[in-house]
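Q: Would you mind keeping the following structure in view while I ask a few things?
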Amino acid sequence: MAVIKGNAKQTTSVSRVGEGVETYMRMLRDGTVGVADLIALWSLEGRIFTIDGGGQGTTAITFGAGTLDVLEHDLHVSVPASVCIIPLKLIIHFDAFGAIGIVECCMQYGSGSTVGTATACTPRSSNANTGLQSACTVKVAAATGVNLTTINEVWHDGAPLGVTVASATQIREKVHFEYNAMDTGILHVIGPSQQLVAYASGGSAGAGYINFSWAELPVTSVE
């Protein structure tokens, strides 16, 4: 019978060695093996990136007006040949819905898409100390663009309420829409040389905030 041993490191005995140094598995004093979550490991590596969608604090961005228009990307991520990405979380929060219209949000990926006039975003690493930077090009609030020629839809949500929100006394049932990969249990590997797009439509002149987080890995890590 195989015997697995490690060091009991639960409180004061917890230590950290240098990068690349061999060490024993960490266990609790009852023998339970300490296992780090995959996303937590990526976070420590600095391989999770986040963009705030150009909307910070009280400065909202304008979403596509009217019904969902696949040529007006509210989020466009271009993945180069050197990496793949895994979308982890997308948050779309509406501040305003404009005129009467059904709210619709979705996230897709594939190939063949390009983005026109839009606002560029700077991805920020989960651990700036590593010095890693995203190789992706991320833009929001595009006025024009080219749709995906191959489409894989990851997420679709909305609120089928055609109402006008014109004053504080009128309350919309749902203003916050969120995709979380952990809720689905599926990690979609996107790339290399593909694009991820997301849309948020809500009547005319809808406005709000987009927050997107993803893991970014070398192609060799997922082949």
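Q: Of all residues in region 27-61, count the ones that are modelled with pLDDT under 90, under 20 Å from Thr137 (Cα atoms) and not aliphatic (A, V, I, L, M).
A: Number of matching residues: 5.
Q: Quick one: is Gly66 in the same structural domain as Ile91 (by TED's automatic domain parsing), crowded, with 18+ Cβ neighbours inside 10 Å and at pLDDT below 85?
A: no
Q: Would you check which residues across region 85-101 are surrounded by fewer than 23 Cβ atoms within 10 Å (Cβ to Cβ) and at pLDDT 80 or above and list them?
A: Of everything in region 85-101, those that are surrounded by fewer than 23 Cβ atoms within 10 Å (Cβ to Cβ) and at pLDDT 80 or above turn out to be Ile86, Leu88, Lys89, Ile91, His93.
Q: Among the strands (runs of 3 or more DSSP E) contained in region 71-154, which hold 3 or more residues that are in contact with a helix residue (DSSP H, G or I) (Cβ under 7 Å, 6 or more places away or on another chain) and within 17 Å of Val189 (Cα to Cα)?
A: Qualifying strands (runs of 3 or more DSSP E): 83-96.
Q: For region 202-214, how many residues meet the condition of being at pLDDT 90 or above and out of contact with any Asp or Glu (no Cβ under 9 Å at 6 or more places or on another chain)?
A: Within region 202-214, residues that are at pLDDT 90 or above and out of contact with any Asp or Glu (no Cβ under 9 Å at 6 or more places or on another chain) number 2.
The values are calculated or read from the model by the stated rules, or taken from the named source; none is laboratory data. Not measured: the values here are computed from a predicted model. We place every Cβ from the backbone using ideal geometry, glycine too, and count neighbours over all the protein chains shown.
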